[in-house]
Amino acid sequence: MNINNDLVELQPFLMSSVPKSGTHLLHQILNGIPNINNDIKDMEKKFFIDHHPQNSSIYKDHLYRLAYLQPNEFGIGHIFHSDEYAYMLKRLELKHIFIYRDPRDVLISLIHFIPKYWNEHPLYNDFNESIVTNVERIEKLILGVEDKWPNFDAWNRPFYNWITDSNTLAISFEELMISKDSQRKCMKKIISYLFEDKKPPLPLEKIITLMEDNINPGKSRTFRKGKIASWREEFDDKTKEMFKKVAGDLLIDFGYERDHNW
């Protein structure tokens with residue numbers, strides 16, 4: 001939203017997420033802040049590293065494009081945490097907002113998203129031709145498929161590791177969805193982080209109202225339900241034990257469970 005470009009100038013920043021964790025929701029919220037903008041269709045402002053690169057050219061490409069971001073713009077993407085990337089953001093003096101979600105809900109969202117939208121995913125054809133039930137898809141994403149896709153912990157953990165990065169503002173999807181009060185507190189946290197020692201262009205409550213008003217799930221092509229704890233509708237006892245064995249520590253390490261007794 002553009003109010004007055006002369007009123008405040010912010011250093012560009014990066015917004016990233018665990019895939020299927022509220023990417024479009026946070027994008028809309030950030031675009032609701034006066035003078036802040038990201039055109040989600042602009043591929044030059046999208047940043048993806050969802051593997052462990054062997055070729056450093058991908059970092060060079062990201063470094064160049066991140067450095068090209070203009071004041072009051074932000075980049076968006078899904079990026080594995082690495083020391084290289086964290087150093088790159090620090091070198092460029094770019095702030096980083098990261099959104100994550102209960103990994104079990106991420107899993108449920110993926111089983112619906114992959115066969116419908118993610119046609120570049122290695123399991124896209126399988127999920128449309130031979131692995132067609134939710135139970136089968138859940139199992140494959142938890143255990144992984146040899147030579148095609150890693151297990152659930154191996155692929156997701158590098159995203160969640162941004163939570164431990166001291167220069168990153170990590171917020172959860174649940175913070176934005178559990179209640180209006182929680183959502184507004186989260187928005188205040190975002191404004192405080194972005195503006196820091198600068199004067200916001202409008203009073204805080206007015207900015208929060210604009211951020212709220214810019215939320216429109218209908219504008220997200222990939223939005224499905226956005227529910228909290230939707231995994232409870234899909235997990236049976238076998239699925240629970242399988243998830244605990246492969247990715248149970250993911251829940252504990254990043255604050256979703258205290259132990260494996262869930």
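The values are calculated or read from the model by the stated rules, or taken from the named source; none is laboratory data. Small disclaimer: the values here were computed from a predicted structure and weren't measured. Reconstructed Cβ throughout: ideal geometry from the backbone, glycine too, with neighbour counts over all protein chains shown. Areas reflect the complete protein model, heavy atoms only, side chains present, ligands, DNA and RNA absent. Shrake-Rupley method; radii C 1.70, N 1.55, O 1.52, S 1.80 Å.
Among the residues of the stretch 69-85, the one identified as among the hydrophobic types (A, V, I, L, M, F, W, C) and either at pLDDT below 95 or over 20 Å from residue 190 (Cβ atoms) (or both) is 80.
Taking the stretch 184-199 as the range and being under 25 Å from the mean Cα position of the chain (by Cα) and touching a residue at least 12 places away in the same chain (Cβ under 8 Å) as the test, the residues that pass are 184, 186, 187, 188, 189, 190, 191, 193, 194, 195. Cβ-Cβ contacts under 7 Å between residues 6 or more apart (or on different chains), taken from a first residue in the stretch 117-135 that is of a type in the set (Phe, Trp, Tyr) to a second residue that is in a helix (DSSP H, G or I) and at pLDDT 95 or above, are listed as 118/124; 124/114; 124/115; 127/114; 127/115; 127/137.
Pull up the stretch 57-114, narrow it to residues that are hydroxyl-bearing (Ser, Thr, Tyr) and outside any helix (DSSP H, G or I), then point me to the one that is nearest to the chain's Cα centre (by Cα). So the residue we want is 100.
Please find, within the stretch 146-170, the residue that is surrounded by the most Cβ atoms within 10 Å (Cβ to Cβ) out of those that are of a type in the set (Asp, Glu) and at negative phi. Among those that are of a type in the set (Asp, Glu) and at negative phi, it is 153. The number of residues in the stretch 124-145 being farther than 23 Å from residue 237 by Cβ, buried (at least 16 other Cβ atoms within 10 Å of the Cβ) and not hydrophobic (A, V, I, L, M, F, W, C) comes to 1. Among the residues of the stretch 230-262, which ones are hydrophobic (A, V, I, L, M, F, W, C) and under 16 Å from residue 153 (Cα atoms)? 242, 243, 246, 247, 250, 251, 252, 254 - these are the residues of the stretch 230-262 that are hydrophobic (A, V, I, L, M, F, W, C) and under 16 Å from residue 153 (Cα atoms). Residue under question is residue 121, and the condition is that it be closer than 26 Å to residue 27 by Cβ and either crowded, with 18+ Cβ neighbours inside 10 Å or at pLDDT below 95 (or both); does it hold? So residue 121 does not fit the description; no. Candidates are the residues of the stretch 178-212 that are of a type outside the set (D, E, K, R) and more than 20 Å from residue 74 (Cα to Cα); the one that is most open to solvent (accessible area, probe 1.4 Å) is 178. The sole residue among 103, 115 that is surrounded by fewer than 21 Cβ atoms within 10 Å (Cβ to Cβ) and at pLDDT 95 or above is 115.
Beta carbons closer than 7 Å, at least 6 apart along the sequence or on distinct chains, pair a first residue in the stretch 206-218 that is closer than 17 Å to residue 185 by Cβ with a second that is in a helix (DSSP H, G or I) and of a type in the set (S, T, N, Q) for 215/28.
For (1) over 14 Å from residue 162 (Cα atoms); (2) open to solvent by 10 Å² or more (accessible area, probe 1.4 Å); (3) charged (D, E, K, R), each residue gets a yes or a no:
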{"position": "32", "(1), (2), (3)": "yes, no, no"}
{"position": "46", "(1), (2), (3)": "yes, yes, yes"}
{"position": "53", "(1), (2), (3)": "yes, yes, no"}
{"position": "59", "(1), (2), (3)": "yes, yes, no"}
{"position": "63", "(1), (2), (3)": "yes, yes, no"}
{"position": "82", "(1), (2), (3)": "no, yes, no"}
{"position": "92", "(1), (2), (3)": "yes, yes, no"}
{"position": "95", "(1), (2), (3)": "no, yes, yes"}
